[in-house]
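J.: Quick one: this structure, given as structure tokens, is what I'll be asking you about.
The numbers here are math on the coordinates, done by the rules we state, and not lab data. Not measured: the values here are computed from a predicted model. With ideal geometry, Cβ positions are generated from the backbone for all residues, glycine too; neighbour counts draw on all protein chains shown.
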């Protein structure tokens, strides 16, 4: 037993809360100023990107008006230009990429976080991170010099047996003629999409793996204790926990896929009509259009390119904001009680 | 089976328990066989039989289908059909002696393993392909010691190289780092040290900008630096475009690393009476040093590999240009792109070789990042720990000499 000694209150001086003042020294004030200044600088740079794109684009946007969104041609000097075809091409390539990349990335992320032997885990993590840092031009080279020649057989097979689905048909190809040239299947959104998929898959994968490995151990063990198999545990604990991260990671990958320039530029052959048939050669993307035409002579043509760049910028910003909001709102990363 | 454990009467008070507690020892009955230890291994031989059996069965069936029954001949189709048959056969085999959930578990494991293997194989293949195709040109030493100014498309591989691109890349990335490291790290410190509505807003913007398409960064510098301010296309412009792209990446990963610095360390520093600036400089930043280095290096690896901003803001040249202020300057990825655009076989080989050089550069940066940044904040390497011990011994000696000089009476500070 410990006794608490309570002094008699009679002759005690009344307690007064001590006055707390925060005194910030000169060096600290200077530091805060510098830090805040750097924040403002970064914010300014980032907003200048949008402002200057918009400022440069106004000339072209003013002259074309609303038809900028609906026109399918790109002849700015003739006054006939719009992004309808280019945006469709950009989105199609990005969608093909994402559809291929998500299952692969999810499988690798699950493999690394749930199945891989413990000794090899760190190696795989480094490998995937390294893949995410490989320059996109390397993927572009592979796509142009290797994939292009080897994937036409697959494209032809899909077009022959699934050609009744509108976007998988190919115009100008005769499936019954075995000697028909394969060139109609090259330079397509499909091939560009495969290359971009390999490029963004490591990025998506490393975000997903991060989230999967944060699934609380208590809940995992709870699932096992209730008799779940490993897949049962993954389906009922890891995947629901990582759902936000999966969606967010995929959308970040989508953002990268939308903006990819060089790998796409090398592969596609640009056309300026809406071309929804992904297996057929000829498509276009905003960034490859800019890379193709940035040397244009007239100021107006440059302004039109800036307008296209602005559209891409807004599109990726929306996707990225949505992605980070989803990741932040999800339970992923939250601590568990167990 | 009779109870064979130590039985303790729970109601007995503790004091007397040891006296009354009785132990029933059950003797093994003579005719029961000795107990077998249950195997807790996660791998059984029957699993391996099922896997191998299913694979052999699937392969045989596919060969039969492709050679005699169906008019198929594509190698890709062969692989796909084999895989589909393999999964089906395996599920069938497992379902003979396991329940539904176990079958689903096995099938999911097989599918995940194969998809993961497929993707890792594809990625390794992409990289290996560039090295294999480029090996022929990478063997020539002149690739690293000459520029392209005297080399035409038809010249043999023993003439010309990419030294100008290597120099250009190094100059550009050096300028970009000079801009990015101070601004990026200070901004990350700001996000962590001065929380509030404004820093939250900056953080949101930076996060959204990490996926800024690189061509937009190039377009921005093209609009401001070249069109508006009237500077010529140059290595400096390219470096600025690179910095715009790298800055958000560096800030974001540095922010994450700084957030991992234990709050107790900072509070200990405040408790010792040091101000915010001293705490940041002497506690937060040194603690997170390896993580910050990793953040910078990974941002560098991203920036070094970008082609499109440089395409827009610097030009293409075949000669060495070490002056970033004037004249076009080419970087490694841009040189790869230029080689790949020409269809001459010699230039295509050089494209792969240049890509190989670029990847070796990225790999070196990456390994450096792993070596420096493999540790969590506060987790020191042996050398760092030694250095820190020496530092604190020096501090102690300094403080002691200081106190003994000013007031000899208080010099008897306990030395431990």
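J.: For residue A:118, put the label point 7 Å out on the Cα→Cβ axis and report which residues of the stretch B:25-69 keep their amide N under 17 Å from it.
T.: B:40-43
J.: What residue among B:361, B:76, B:260 shows peak mean-square fluctuation when chain B is described by a Gaussian network model with Cα springs under 10 Å?
T.: So, out of B:361, B:76, B:260, the one fluctuating most is B:76.
J.: Can you tell me the orientation of helix A:26-64 relative to chain A, as the angle in degrees between its alpha-carbon axis and the longest Cα principal axis, to the nearest 10?
T.: 20 degrees
J.: With all pairs of different alpha carbon atoms counted, what Kirkwood hydrodynamic radius in Å does the stretch B:163-377 show?
T.: 18.5 Å
J.: Calculate the spin-label point distance for residue A:274 paired with residue A:243, positioning each point 7 Å from the Cα along the beta-carbon direction, and give it in nanometres.
T.: 3.3 nm
J.: Quick one, can you get me the convex hull of the C-alpha atoms of the protein assembly as shown expressed as volume per residue in Å³?
T.: Values: hull volume 229.1 nm³, N = 754.
About 304 Å³ per residue, rounded to a whole number.
J.: Residues in the stretch B:183-220, backbone N under 13 Å from the label point at residue B:270 (7 Å along the Cα-to-beta-carbon vector): list them, ranges by number please.
T.: Counting backbone N atoms under 13 Å from the label point, the list is B:193-195.
J.: Quick one: compute a quarter of the convex hull surface over the Cα atoms of the stretch A:41-174 and quote it in nm².
T.: Values: hull surface 57.9 nm².
Averaged projected area of the stretch A:41-174's Cα convex hull equals 14.5 nm².
J.: For residue B:178 and residue B:124, what is the calculated FRET efficiency with R₀ set at 41 Å and r taken between the beta-carbons, to the nearest 0.05?
T.: Calculated transfer efficiency: 0.70.
J.: Mean residue ellipticity at 222 nm from the helices of chain B, using -39,500 (n - 2.57) per DSSP H segment of n ≥ 4 over the full residue count, to the nearest 500 deg cm²/dmol?
T.: Result for chain B: -21500 deg cm²/dmol, rounded to the nearest 500.
J.: Using alpha carbon centroids, what distance separates the stretch A:184-263 and the stretch B:79-105, in Å?
T.: 24 Å
J.: Suppose only helical runs count, i.e. DSSP H with n ≥ 4. What mean residue ellipticity at 222 nm does that imply for chain A under -39500 (n - 2.57) per run, divided by all residues and rounded to the nearest 500 deg cm²/dmol?
T.: After summing the helix terms and dividing by the residues of chain A, the value is -20000 deg cm²/dmol.
J.: P(r) of the stretch A:46-329 in 10 Å steps, Cα pairs, percent per bin?
T.: Here the calculated profile for the stretch A:46-329 is 7, 24, 28, 23, 13, 4, 1, 0.
J.: Identify which of A:216, A:17, A:240 has the largest mean-square fluctuation in a Gaussian network model of chain A, with springs joining Cα atoms closer than 10 Å.
T.: A:17
J.: Related question: Nearest 10 degrees is fine. How inclined is helix A:84-110 to the longest principal axis of chain A, computing both from alpha carbons?
T.: 50 degrees
J.: Subtract the Cα-Cα distance of residue B:393 and residue B:99 from 0.36 nm times their separation in residues, and report this length gain in nm to one decimal. Don't skip to the answer; put the middle values down first.
T.: Values: separation 294, 0.36 × 294 = 105.84 nm, distance 6.63 nm.
Gain on stretching residue B:393 to residue B:99: 99.2 nm.
J.: Here is a further query. If you fit an axis through the alpha-carbon atoms of helix A:118-133 and take the longest principal axis of the Cα set of chain A, what angle between them do you get, 0 to 90°, nearest 10?
T.: Helix A:118-133 sits at roughly 60 degrees to that axis.
J.: Can you pull the one-decimal nm distance between simple spin-label points at residue B:343 and residue A:23, each 7 Å off the Cα toward Cβ?
T.: It is 7.9 nm.
J.: Same structure again: Write down the Kirkwood hydrodynamic radius of the stretch B:45-135, to one decimal in angstroms, obtained as one divided by the mean of 1/r over all alpha carbon pairs.
T.: Averaging 1/r across every pair of different Cα atoms and inverting gives 14.9 Å.
J.: So, one more: Return the average number of partner chain Cβ atoms within 10 angstrom of each residue Cβ along peptide B:176-183.
T.: Going residue by residue through B:176-183 and averaging, the value is 1.
J.: Simple spin-label model, 7 Å along Cα-to-Cβ: residue A:77 to residue A:4 in nm?
T.: My value for the distance between the label points is 9.0 nm.
J.: Distance between the C-alpha centers of the stretch A:100-164 and the stretch B:328-376? Whole Å please.
T.: 20 Å
J.: Stretch residue B:39-residue B:325 to full length: gain in nm at 0.36 nm per residue minus the Cα-Cα span?
T.: Length gained, residue B:39 through residue B:325: 95.7 nm.
J.: Another question, if that's okay. Based on the Cβ-Cβ distance of residue B:132 and residue A:325, what FRET efficiency does E = 1/(1 + (r/R0)^6) give at R0 = 41 Å, to the nearest 0.05?
T.: 0.40
J.: Partner chain Cβ atoms within 10 Å, averaged over the residues of B:197-210 - can you pull that number for me?
T.: That works out to 5 on average.
J.: Give me the tail of P(r) for chain B as a percent: Cα-Cα pairs with distance above 29 Å. Could the numbers behind the result be given before it?
T.: Numbers: 59567 of 86320 pairs.
Beyond 29 Å sits 69 percent of the P(r) for chain B.
J.: With chain A treated as a Gaussian network of Cα nodes joined by springs under 10 Å, which of A:188, A:285, A:47 yields the largest mean-square fluctuation?
T.: Result for chain A, Cα springs under 10 Å: A:47 fluctuates most.
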